[in-house]
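First the structure, in the form of structure tokens, and then the observations on it.
The values are calculated or read from the model by the stated rules, or taken from the named source; none is laboratory data. Since we're looking at a predicted model, the values are computed, not measured. A quick note on method: Cβ atoms are made from the backbone with ideal geometry, for glycine too, and the neighbour counts reach across all protein chains shown. Remember, those area values only see protein heavy atoms, side chains included, never the ligands or the DNA or RNA. Shrake-Rupley method; radii C 1.70, N 1.55, O 1.52, S 1.80 Å.
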Amino acid sequence: MFLPTTSDEMKKLGWTQCDIILVSGDTYLDSPFIGVAVIGNLLTKEGYKVGIIAQPDIQNEHTAQDITRLGEPALFWGVTAGSLDSMVANYTATKKRRKQDDFTPGEENNRRPDRAAIVYANLIRRYFKNTKPIVLGGMEASLRRIAHYDYWDNSIRRSVLLDAKADFLVYGMAEKAIVELALKLKNNQDTKDIRGLCYISREPKNDYLELPSYEEVKNDKIKFIEMFHKFYSNNDPVTARGLYQQNGTQYLIQNPPAAITAKELDKIYELNYELDVHPYYKKQGNVRALQTIQFSITSQRGCYGECNFCSIAVHQGRAVVSRSEESILKEVKKLSKHKYFKGNISDVGGATANMYGIDCSKMLSEGGCADKKCLYPSICKNLNLDHRRQIDLLRSIHAIDGINKVFIASGLRYDLIIEDKLNGYNYLKEVVENHTSGQIKIAPEHTEGHVLKMMGKQNKDYLHKFKQMFDQLKQETGKNQFL
């Protein structure tokens, strides 16, 4: 069921007020790949009345009408810039304005403001004085939760929580944090101990670790490096301590991150998603992102890679949590009955295609190692490196009635395939024979060893070995495919 986006839709449901209103920089696309849709459906399942205002107008005569159309929520506002940081969505790496936005009807990049989390929070306060709490979430808020370097300004900025003057920030994937926050606000309980939550305080938290202050890191690069390393090393749900950072006379408090289990992940992806754009927004034009995600499957979260340029470890986490086969097959059967489904699964994967079912029992029970990475400079022997479970999953999906093709569109981590002496070759053969539309995606990132070392990536020997394996399989299978 789509969540209401207008007062008329609220009336049809018999609602006079929403408990929670979510405001997003994306259009309202009801899919498990869209954060605001996941949060909205999850809160609805918990019994809350949730409405969504997608891409509210910020600069013409419709502004007041747009942001006020659902009224004021009883519990809180949830604000997200959308699936991307708004500055990444709006500008290229050379700081040129992007013309296209895949998450906007009509595909023209004209509806997501720069620094959207800040703009939307200010917009709410402009029209609702002394309103209910404003809660920031999503990629933009999560990755800007402490003092951070901003490429667009070429400066160190404060936590987005302070700049937006919001009340709370939920970081990471945030499903557990937002449900717990909603319950505590409903029951007028203290919210300060929720894992995965940031807030502003007049006092530091005594048992938490202190980060160098905003004023220190703004003026001292060495202090900034010290801050980041302390921050980065406290992102594991098992071992992390709480953090605080002084900003003038205030303190940003970051509680330890929340953990999620495979069973909890199953429940999130088994919610009833429409897999379509809400009719209110669909009539405004084509949404390009729908083509990619409408009939794709998320099989796992997290990434063992921890590449030095990547944000996944501080957002999704460095531990991989895989859904159960039963849950994934249940989702596929539901997809196969969708009115627009034509028989093809676009993708089965996650941050990396081939980490499903590969785990480390030590990491899940004791947390990630503080002194080494899982895949660099070599693959850890504690990692259960076997692609067999992935092969079986792909074959099981393909065997379901109504499924013609199951594609792998996520990128392959080829060093894992090379080092899996049991089933690495068999996995690649399965992908080449049955799950490739013409191109296999890989991510060499670079060709020079010294640059790859700085990135925390394996050397190019793995790429050469993988290409030899791929070329051999191409010849054996007669497939005209490319990397």
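Overview of values
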{"quantity": "In region 1-38, residue nearest to VAL119 (Cα to Cα) [restricted to those that are β-branched (Val, Ile, Thr) and touching a Ser or Thr at 6+ places or on another chain (Cβ under 8 Å)]", "calculated": "VAL23"}
{"quantity": "Number of positions in region 361-378 that are in a loop (DSSP other than H, G, I, E, B) and among the aliphatic types (A, V, I, L, M)", "calculated": "2"}
{"quantity": "Residue in region 54-76 that is touching a residue at least 24 places away in the same chain (Cβ under 8 Å), within 20 Å of LEU271 (Cα to Cα) and in contact with a helix residue (DSSP H, G or I) (Cβ under 7 Å, 6 or more places away or on another chain) present", "calculated": "no"}
{"quantity": "Test: residue in region 102-117 that is of a type in the set (Phe, Trp, Tyr), under 30 Å from LYS283 (Cα atoms), touching a helix residue (DSSP H, G or I) at 6+ places or on another chain (Cβ under 8 Å) and in a loop (DSSP other than H, G, I, E, B)", "calculated": "yes"}
{"quantity": "Any hit, region 249-266, residues being without any contact (Cβ under 8 Å) to a residue 40 or more places away in the chain, of a type in the set (Val, Ile, Thr), over 28 Å from SER327 (Cα atoms) and open to solvent by less than 20 Å² (accessible area, probe 1.4 Å)", "calculated": "no"}
{"quantity": "Any hit, region 398-415, residues being in a helix (DSSP H, G or I), modelled with pLDDT of 95 or more and of a type in the set (A, V, I, L, M, F, W, C)", "calculated": "no"}
{"quantity": "Top-ranked residue in region 201-222 [being within 20 Å of ARG241 (Cβ to Cβ) and in a loop (DSSP other than H, G, I, E, B); ranked as most open to solvent (accessible area, probe 1.4 Å)]", "calculated": "ASN206"}
{"quantity": "Residues of region 1-14 satisfying the condition of being out of contact with any Pro (no Cβ under 7 Å at 6 or more places or on another chain) and crowded, with 17+ Cβ neighbours inside 10 Å", "calculated": "PHE2, LEU3, PRO4, THR5, GLU9"}
{"quantity": "Pairs with Cβ under 9 Å, 6+ apart, first in region 203-227 and in contact (Cβ under 8 Å) with a residue 40 or more places away in the chain, second open to solvent by 80 Å² or more (accessible area, probe 1.4 Å) and among the hydroxyl-bearing types (Ser, Thr, Tyr)", "calculated": "PHE224/TYR149"}
{"quantity": "Residue within region 362-383 that is out of contact with any Lys or Arg (no Cβ under 8 Å at 6 or more places or on another chain), in contact (Cβ under 8 Å) with a residue 40 or more places away in the chain and under 26 Å from VAL332 (Cα atoms) present", "calculated": "no"}
{"quantity": "Flag if TYR48 is in contact (Cβ under 8 Å) with a residue 24 or more places away in the chain, among the aromatic types (Phe, Trp, Tyr) and more than 20 Å from GLN291 (Cβ to Cβ)", "calculated": "yes"}
{"quantity": "Of the criteria (1) under 30 Å from PRO56 (Cβ atoms); (2) at pLDDT 95 or above; (3) out of contact with any His (no Cβ under 8 Å at 6 or more places or on another chain), which one LEU275 fails", "calculated": "(3)"}
{"quantity": "Of all residues making up region 458-472, the number that are open to solvent by 80 Å² or more (accessible area, probe 1.4 Å) and outside any helix (DSSP H, G or I)", "calculated": "1"}
{"quantity": "Only one of GLU215, GLU180, GLU203 that is under 21 Å from the mean Cα position of the chain (by Cα) and of a type outside the set (A, V, I, L, M, F, W, C)", "calculated": "GLU180"}
{"quantity": "Filter pass, SER233 being open to solvent by 60 Å² or more (accessible area, probe 1.4 Å) and either of a type in the set (S, T, N, Q) or more than 22 Å from HIS315 (Cβ to Cβ) (or both)", "calculated": "yes"}
{"quantity": "Residue in region 185-199 that is surrounded by fewer than 20 Cβ atoms within 10 Å (Cβ to Cβ), assigned to a loop (DSSP other than H, G, I, E, B) and within 22 Å of the chain's Cα centre (by Cα) present", "calculated": "yes"}
{"quantity": "Near pairs, Cβ below 7 angstrom, 6+ apart or cross-chain, from region 441-468 (acidic (Asp, Glu)) to any residue that is assigned to a loop (DSSP other than H, G, I, E, B) and surrounded by 14 or more Cβ atoms within 10 Å (Cβ to Cβ)", "calculated": "GLU445/LYS457"}
{"quantity": "Subset of region 427-457 (residues that are in a loop (DSSP other than H, G, I, E, B) and exposed (fewer than 12 other Cβ atoms within 10 Å of the Cβ))", "calculated": "GLY438, THR447, GLU448"}
{"quantity": "Condition check for ASP101: open to solvent by less than 50 Å² (accessible area, probe 1.4 Å), of a type in the set (Asp, Glu) and at pLDDT below 95", "calculated": "no"}
{"quantity": "Within region 138-180, strands (runs of 3 or more DSSP E) holding 1 or more residues that are among the basic types (Lys, Arg) and surrounded by fewer than 24 Cβ atoms within 10 Å (Cβ to Cβ)", "calculated": "155-157"}
{"quantity": "Answer from LEU43, LEU22, LEU29 - the residue that is over 17 Å from the mean Cα position of the chain (by Cα), aliphatic (A, V, I, L, M) and crowded, with 22+ Cβ neighbours inside 10 Å", "calculated": "LEU43"}
{"quantity": "Residue within region 72-83 that is over 16 Å from the mean Cα position of the chain (by Cα) and surrounded by fewer than 21 Cβ atoms within 10 Å (Cβ to Cβ) present", "calculated": "yes"}
